[in-house]
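The values are calculated or read from the model by the stated rules, or taken from the named source; none is laboratory data. Just so we're clear, the structure is a prediction, and the values are computed from it rather than from any experiment. FYI the Cβ positions are ideal-geometry reconstructions off the backbone, even for glycines, and counts take in every protein chain you see. Side chains included, ligands, DNA and RNA excluded: accessible areas come from the protein's heavy atoms. Shrake-Rupley method; radii C 1.70, N 1.55, O 1.52, S 1.80 Å.
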Amino acid sequence: MAEAELLDGQASVVAGLPGVLGIADDHWMALGTAEFLRAWVGHPAFRLVK
């Protein structure tokens, strides 16, 4: 399982990606499979949160 922090407004984009298991913490975190992580990193809206 992978955990990804989201920026404001990204939850709606992430929700439609393959491998998403759920959106948590009031839309600030996505949980998903490795398939989700690969799809998210390749998406134009992806931003690395440091």
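A few comments on the model shown:
- Residue within the stretch 6-13 that is at negative phi, surrounded by 13 or more Cβ atoms within 10 Å (Cβ to Cβ) and not in a loop (DSSP other than H, G, I, E, B) present: yes
For (1) modelled with pLDDT under 95; (2) among the hydrophobic types (A, V, I, L, M, F, W, C); (3) not in a strand (DSSP E or B), each residue gets a yes or a no:
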| site | (1), (2), (3) |
| --- | --- |
| A4 | yes, yes, no |
| L17 | no, yes, yes |
| L31 | no, yes, no |
| R47 | yes, no, yes |
| K50 | yes, no, yes |
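- Total residues in the stretch 1-38, condition among the aromatic types (F, W, Y) and within 8 Å of the chain's Cα centre (by Cα): 1
- Positions within the stretch 24-48 being of a type in the set (V, I, T) and either open to solvent by 60 Å² or more (accessible area, probe 1.4 Å) or touching a residue at least 60 places away in the same chain (Cβ under 8 Å) (or both), in sequence order: V41
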